[in-house]
Amino acid sequence: MGVRWLFPLLLLLGACQGESMKPLPYLSETPVRTFKAPEKVMEAGKDYYARIRTTQGEILLDLLEKEAPNTVNSFVFLALHRYFEGVVWHRVIPGFVAQTGDPTGTGRGGPGYTFGLEIAPGLAFDREGMVGMARTQDPNSNGSQFFITLGPTPHLTGQYTLFAKVVEGMEVVRRLAPTEGPGAGGERDRILAVEVLVKE
C-alpha cells in the first residue's frame, strides 16, 4: 500500500473511532416502575443516543439533549432503571404514530411523576421518525409515554415535546403491529430493552 493511500485510510479509521458509542451501565438489575422524580443522570457536553430493542428489531434514536434537556434526562433515567423492558406498543396507527412507554399497556400509566412541555424553536413533527412525549390535555403531564411519528404530523408541533429522532431502524417502526385500522387486533409488539449510548 502506497503512502498516498495510507494517510486517507488512517484519517478514516480515526473518524470511525471518533464516532464510537459507549453504552451506559444500567442502574438496576430488574425493571423499576415507580419514582417520585427523575434524578440527574446526564453529563453536560455529552451526545446521547438510545438503542431500543423490540420484538421487530432495533431502533436507534438520537436524543436531543440540548433542545429538551429535562425530557431527555427523564427518558435516560427511566431507561437506566430498565423501566421500558417488556412494555408494549399500545397505540400504533399506520401513517400517524407508534406509541409506547406505559407499563400497564392501557395508555393511562406513568412513572409516578410528571413534568412540563419543552418546545424548542425550529423543531417540528414534519416527517416520520420524530419522537415526542405523549401527554393528557394538561401540558404539564409528560411522564414516560412517548411516540414515534409514522408520517408528517404538523398539528403536533408546538403542542408536544419533541426530544429525539430515529436515525436507524425506521423500517422496524413501520413493522410494529397496528392497534387501529387494517391488521389490528393481533399480538402487540414489545420493547425488549432500551440501551443508552454516549458518543465519544
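Every read-out reported here was derived from the displayed coordinates using simple, explicitly stated rules and does not represent laboratory data. Small disclaimer: the values here were computed from a predicted structure and weren't measured. Cβ sites come from the backbone with ideal geometry, for glycine too, and all protein chains shown count toward neighbours.
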**OP:** Per residue, how big is the convex hull around the C-alpha atoms of the stretch 92-163? Give it to me in cubic angstrom, could you?
**Re:** 80
Original post:
In sequence order, what are the phi-derived ³J(HN,Hα) couplings for the stretch 110-126 according to the Karplus relation 6.51 cos²θ - 1.76 cosθ + 1.60 with θ = phi - 60°, rounded to whole Hz, with x for glycine and proline?
Top reply: x, x, x, 9, 9, 8, x, 5, 10, 10, 9, x, x, 9, 8, 7, 9
Subject >> Contour minus Cα-Cα distance for Phe96 and Lys46 (0.36 nm per residue) >> reply: 14.9 nm
**OP:** Mind ranking 82-95, 116-129 by how tightly packed they are, going by the mean number of other C-beta atoms within 10 angstrom, highest first?
**Re:** 82-95, 116-129
**OP:** Taking every pair of alpha-carbon atoms in the stretch 23-199, give the share separated by more than 19 Å as a whole percent.
**Re:** 53
**OP:** Have a look at Gln137, Gln56, Gln159 and tell me which one the Gaussian network model of the chain (Cα, springs below 10 Å) gives the largest fluctuation.
**Re:** Gln137
Original post:
Does anyone have the angle between helix 69-80 and the longest principal axis of the chain? Alpha-carbon axes, 0 to 90°, nearest 10?
Top reply: 90
Original post:
In degrees, nearest 10, range 0 to 90: what is the angle between the Cα axis of helix 3-18 and the longest Cα principal axis of the chain?
Top reply: 30
